[in-house]
Amino acid sequence: MAAEQQNPETTRAHGGLPDLTGPLPPPPLLDLVRARGAWVREELAHGTFEAWHFFPHGSAGSAPTHVFIQPVASGDPAAVARGVTTTVLRELRPAGAAEAARRGHRRGHTERYPLAERVEELLRTSDRPTEAYLAAVALRYERLADAGNRSPVRSLVDITGLPLGTVKSHIQLARKKGLLEAVGAKAGGRATRRAHAVVAAAEAGDGSG
């Protein structure tokens, strides 16, 4: 798969909704998905087709919500005429696109979200459930919920690679330890100051800096 993410400095806004981490797709696709998020382009069928994967803001690392496939102008006319066959569809790699979105997120958003890289690292590598890991769960859960993700728990399953029941228990444990709190009737929750402090301390205590 050839999935690509351009330098965030090359991005621009469309209709007031900026593409956060990747290359811009053709304008018709931007009109169809009028939301904030990251686009990842994937070449299919030896460059005859291209797939555009869209990841809403706050969901990088989980599956794309939209995937569009279209011919490339320089593609083989005969292959284009055959259309998007099952062979072409089998080349789709949403997991690879998600990894590209994560790389772009880490590369382009350290200023916007200073602890993002540490949070992602803790979610993937911590000896669970340490306090630092649970604090990372709280911060990531908050961002997913704030981004309008309808199933932040399942997105955390994708990010951590843990079973659904385990992730649910970790979220509850984060609440019990005062790392994640409810916000009125709002769905989801908010990471507490303590959660931010725990992740920041974990980052400061990391031997790599």
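The values are calculated or read from the model by the stated rules, or taken from the named source; none is laboratory data. Values in this document were obtained by computation on a predicted structure and should not be read as measured data. Note that we place each Cβ from the backbone using ideal geometry, even for glycine, and neighbour counts take in every protein chain shown.
Numbers at a glance
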quantity: Cross-chain or 6+ apart pairs with Cβ under 7 Å, segment 121-135 first and under 15 Å from LEU162 (Cα atoms), then assigned to a loop (DSSP other than H, G, I, E, B) and of a type outside the set (Val, Ile, Thr); calculated: TYR133/SER126; LEU134/LYS177; LEU134/LEU179
quantity: Residue check, SER169 outside any loop (DSSP other than H, G, I, E, B) and modelled with pLDDT of 90 or more; calculated: yes
quantity: Flag if GLY83 is more than 23 Å from GLY161 (Cα to Cα) and at pLDDT below 90; calculated: no
quantity: Residue in segment 123-132 that is at pLDDT 90 or above, assigned to a helix (DSSP H, G or I) and under 24 Å from ALA182 (Cα atoms) present; calculated: yes
quantity: Scan of segment 30-77 for residues that are modelled with pLDDT under 90, polar (S, T, N, Q) and part of a strand (DSSP E or B), ordered by number; calculated: SER62
quantity: Of all residues making up segment 111-120, the number that are at pLDDT 85 or above and surrounded by fewer than 18 Cβ atoms within 10 Å (Cβ to Cβ); calculated: 0
quantity: Inter-residue pairs, beta-carbon under 6 Å, first acidic (Asp, Glu) and in segment 61-85, second part of a loop (DSSP other than H, G, I, E, B) and at pLDDT 90 or above, 6+ apart; calculated: ASP76/THR48
